[in-house]
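A short write-up of the structure that comes next.
The values are calculated or read from the model by the stated rules, or taken from the named source; none is laboratory data. Small disclaimer: the values here were computed from a predicted structure and weren't measured. Quick reminder, even Gly has a Cβ in these numbers, built from the backbone with ideal geometry, and neighbours come from all protein chains shown.
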């Protein structure tokens with residue numbers, strides 16, 4: 001039975017994305033599919049789904065980049081609720097929690113700062129989507145900076161740009177890094193496009209990562 005469920009969920013995940021790219025808007029059917037991924041009790045399903053969305057950079061100060069499409073946002077919300085023991089999370093709850101974020105693609109940039117850094121609320125890096133042919137730049141709608149005081153804890157939910165005041169002090173813990181949450185309008189992106197995510201500081205490029213939007217959901 002478990003193998004049947006696994007094959008079904010994997011077919012749902014990869015059949016649609018291979019043809020049409022990521023979904024700029026979420027119909028009821030797509031919300032149900034995303035919730036099914038997040039609620040799956042088969043860890044291999046969730047792990048395989050999330051893998052293409054994390055791009056390892058490993059070039060200080062950038063550790064990695066996470067891509068969060070509207071579909072993945074629902075899957076993450078459902079997964080978070082399932083870990084808390086709530087498997088009643090459905091379409092109505094997903095729509096309410098998403099709000100206007102249902103039309104956003106978010107880029108989460110995880111950073112580690114030098115131990116002797118002088119940052120207070122996180123570095124003011126710039127982030128944009130670029131394409132080479134035709135040459136184009138897509139600027140974000142919003143950039144949120146969430147500082148990390150103390151060691152990074154893996155396995156916790158991805159942060160939100162609305163998680164609170166990014167300038168709140170971390171007590172006696174040093175600022176060791178943080179997450180930059182960059183929001184783009186989903187409608188501004190080509191569902192089948194290939195983009196570079198460019199992170200820079202005062203026009204100096206810090207990192208560049210290629211994102212094949214057409215391979216995501």
Picked from the range 77-111 (must be within 23 Å of residue 199 (Cβ to Cβ) and surrounded by 20 or more Cβ atoms within 10 Å (Cβ to Cβ)), the residue modelled with the lowest pLDDT is 111
Applying the selection to the range 59-76, what residues are in a loop (DSSP other than H, G, I, E, B) and surrounded by fewer than 16 Cβ atoms within 10 Å (Cβ to Cβ)? 60
Report whether or not residue 205 is at pLDDT 90 or above, over 18 Å from residue 72 (Cα atoms), out of contact with any helix residue (DSSP H, G or I) (no Cβ under 6 Å at 6 or more places or on another chain) and buried (at least 16 other Cβ atoms within 10 Å of the Cβ). no
Restricting the range 122-153 to residues that are assigned to a loop (DSSP other than H, G, I, E, B) and within 28 Å of residue 214 (Cα to Cα), the one modelled with the lowest pLDDT turns out to be 133
Among residues belonging to the range 32-58 that are surrounded by 12 or more Cβ atoms within 10 Å (Cβ to Cβ) and touching a strand residue (DSSP E or B) at 6+ places or on another chain (Cβ under 7 Å), point out the one that is farthest from residue 84 (Cα to Cα). 57
